[in-house]
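Shown next, in structure tokens, is the structure this report addresses.
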Amino acid sequence: MAILEYLHTPALKLLAIEDSANITAPLTLFLTQPFLQLDRLVLTRMQHETTRESLINWLNVVPSVTKLELGFAGATLADMDTIVSEFMGRPRFLPNLGSLRVKIAQDNKDDVFTPAVVLEMLVWRWAATSVGTARLQSFLLKGCGTGCAQVIDSHPQFSKLEQEGMTLRVEP
């Protein structure tokens, strides 16, 4: 990924990276280039080498992103809850985000999210217009574990958000 160090692309609207191994420094430099106005960021097959701190740092420097897709090759409950928590309570963190898709490739079906954390994030992002943050319109969570998916999908707050217009889908 050394090529990222040499690119200057202020008109770039979509950036898709399929494998995050060994790209932390080059991607950080690329995302902080002046005038970059990404609309859509796709990071898939993120490995354990991609720390949650690196991911959060990358997302902190791309406030223009309206569509975000994150794919994890494996995940832990602690990592995913920490990442999801970043999406609430901070109006300057991805303030234009309207669509969030998170997919986790799990070898097992253990839950990798705490349902209450996901629901709290969804409620906060839906109501965030009061603090100057765009309303999250669409959310997909795939691979979160059977128990997690059932709890989120059956929660009254989930149904309320759907009725109010948020497009939601949670799959085990």
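Figures for the structure shown
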| read-out | value |
| --- | --- |
| So residue 62, is it modelled with pLDDT of 90 or more and touching a helix residue (DSSP H, G or I) at 6+ places or on another chain (Cβ under 6 Å) | yes |
| Hits in the range 28-53 - residues which are modelled with pLDDT of 70 or more and within 15 Å of residue 71 (Cβ to Cβ) | 40, 41, 42, 43, 44, 45, 46, 52 |
| Residues of the range 128-168 satisfying the condition of being free of Cβ contacts under 8 Å to residues at least 40 places away in the same chain, touching a Lys or Arg at 6+ places or on another chain (Cβ under 8 Å) and surrounded by fewer than 18 Cβ atoms within 10 Å (Cβ to Cβ) | 129, 135, 146 |
| The range 122-151 - residue that is among the hydrophobic types (A, V, I, L, M, F, W, C) and assigned to a loop (DSSP other than H, G, I, E, B) and, of those, nearest to residue 80 (Cα to Cα) | 144 |
| Condition met for residue 112 (touching a helix residue (DSSP H, G or I) at 6+ places or on another chain (Cβ under 8 Å) and in a helix (DSSP H, G or I)) | no |
| Output for the range 115-127, where each listed residue is surrounded by fewer than 18 Cβ atoms within 10 Å (Cβ to Cβ) and touching a Leu at 6+ places or on another chain (Cβ under 8 Å) | 123 |
| Meets criteria (in contact (Cβ under 8 Å) with a residue 60 or more places away in the chain and over 24 Å from residue 13 (Cα atoms)) for residue 115 | no |
| Residues satisfying the stated conditions in the range 53-65, i.e. surrounded by fewer than 18 Cβ atoms within 10 Å (Cβ to Cβ) and assigned to a helix (DSSP H, G or I) | 53, 54, 56, 57, 60 |
| One residue from 100, 68, 94, 119 being part of a helix (DSSP H, G or I), at pLDDT 90 or above and either at positive phi or not basic (Lys, Arg) (or both) | 119 |
| Residue in the range 152-165 that is in contact with a Phe, Trp or Tyr (Cβ under 7 Å, 6 or more places away or on another chain) and either under 23 Å from residue 38 (Cβ atoms) or outside any helix (DSSP H, G or I) (or both) present | no |
| Cβ-Cβ under 8 Å pairs, at least 6 apart or on other chains, the range 80-94 side of a type in the set (Gly, Ala, Ser), far side in a helix (DSSP H, G or I) | 85/117; 85/121; 89/124 |
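The values are calculated or read from the model by the stated rules, or taken from the named source; none is laboratory data. Everything quoted here is computed from the prediction, not taken from an experiment. As a convention, Cβ positions derive from the backbone with ideal geometry for all residues, glycine included, and neighbour counts pool all protein chains shown.
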